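For reference, the structure is listed below as C-alpha cells.
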Amino acid sequence: LAFNKTLQNKFREAENVYQRALQRATACDLKVTEAEIETSLSNLRRFKGEFGLALNSMERARQKYEELCMPGQTAICSLEIA
C-alpha cells in the first residue's frame, strides 16, 4: 500500500503506512521485515528530497542486514548509501 501511495506522489500517506508497518514489525520482532521497511522508507525520503533522513534509514537497514548475516543485502545498502 505504501509503495503504491509513493507512486501516486502521496508521500505523507505512504510514510504513515510505512511507520505503522515498522512499528508492527518491531513489536513482532521481524528483523528482516524491519530492514525491508527501513529500505523502503529511505527510498521514499529520497524521493521527497530528505536526503539526511534517507541516509539514516538506509544505514539502519544496513546494520540490521549485517546483524542478520545477509551480506548481499548489506552490500546493496552500502551501495545505495555511497
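The values are calculated or read from the model by the stated rules, or taken from the named source; none is laboratory data. Just so you know, these numbers come straight off a predicted model, no measurement behind them. Positions of Cβ are backbone-derived with ideal geometry, glycine not excepted, and every protein chain shown enters the neighbour counts. What goes into the accessible areas is simple: the full protein's heavy atoms, side chains included, and nothing from ligands, DNA or RNA. Shrake-Rupley method; radii C 1.70, N 1.55, O 1.52, S 1.80 Å.
Do we find a residue being open to solvent by 100 Å² or more (accessible area, probe 1.4 Å), out of contact with any Cys (no Cβ under 7 Å at 6 or more places or on another chain), on the phi > 0 side of the Ramachandran plot and not in a helix (DSSP H, G or I) anywhere in region 66-81?
For region 66-81, residues open to solvent by 100 Å² or more (accessible area, probe 1.4 Å), out of contact with any Cys (no Cβ under 7 Å at 6 or more places or on another chain), on the phi > 0 side of the Ramachandran plot and not in a helix (DSSP H, G or I): present.
Please name all residue pairs, on different chains or six or more residues apart, with Cβ atoms under 9 Å, provided the first residue is in region 9-28 and is farther than 15 Å from R45 by Cβ and the second residue is open to solvent by less than 90 Å² (accessible area, probe 1.4 Å) and part of a loop (DSSP other than H, G, I, E, B).
Close Cβ pairs (under 9 Å, with a partner that is open to solvent by less than 90 Å² (accessible area, probe 1.4 Å) and part of a loop (DSSP other than H, G, I, E, B)) amount to R24/L30.
How many of the residues making up region 29-51 are open to solvent by less than 90 Å² (accessible area, probe 1.4 Å) and either within 29 Å of C69 (Cβ to Cβ) or of a type in the set (A, V, I, L, M) (or both)?
The number of residues fulfilling the criteria is 15.
Does region 4-28 hold any residues that are modelled with pLDDT of 95 or more and either touching a Phe, Trp or Tyr at 6+ places or on another chain (Cβ under 6 Å) or aromatic (F, W, Y) (or both), and which are they?
Hit for region 4-28 is Y18, nothing else.
Of everything in region 4-18, what is exposed (fewer than 13 other Cβ atoms within 10 Å of the Cβ), part of a helix (DSSP H, G or I) and not charged (D, E, K, R)? Give them in sequence order.
The answer is N4, L7.
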